[in-house]
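Accompanying notes for the structure given below.
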Amino acid sequence: MTEDLNSMLEPGMVVRHPDAPDWGMGQVQSNVKGKVTVNFREMGKVVIDSSRVMLIPVFDT
């Protein structure tokens, strides 16, 4: 189910990681075959397995 929700994420969208608020906001770099690459403000570039983590879209940055 989480994979279906993450599938709407597109490059340029801003997200947060639900289990790592200290990473800050991140910008989606790519979303390919269930792997979402996000560049987080405080953590840098991270590849997220969308079957394990549902990223939270941020609409008012």
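What follows draws every value from the coordinates through simple rules; no lab data is involved. Note that the structure is a prediction, hence the values are computed from the model and not measured. All Cβ positions, even for glycine, are placed from backbone atoms using ideal geometry, and neighbour counts span all protein chains on display.
Points to keep in mind about this one:
- Residues in the stretch 26-57 that are closer than 17 Å to D4 by Cα and charged (D, E, K, R): K33, K35, D49, R52.
- With respect to the stated conditions, M25 fails to be in contact with a Pro (Cβ under 7 Å, 6 or more places away or on another chain) and surrounded by 14 or more Cβ atoms within 10 Å (Cβ to Cβ).
- The stretch 1-10: number of residues that are over 13 Å from V53 (Cβ atoms) and either surrounded by 11 or more Cβ atoms within 10 Å (Cβ to Cβ) or in contact (Cβ under 8 Å) with a residue 60 or more places away in the chain (or both): 1
- Taken over the stretch 11-49, the residue count meeting the criterion of being of a type in the set (G, A, S), within 17 Å of D60 (Cα to Cα) and either in contact (Cβ under 8 Å) with a residue 40 or more places away in the chain or in a strand (DSSP E or B) (or both) is 1.
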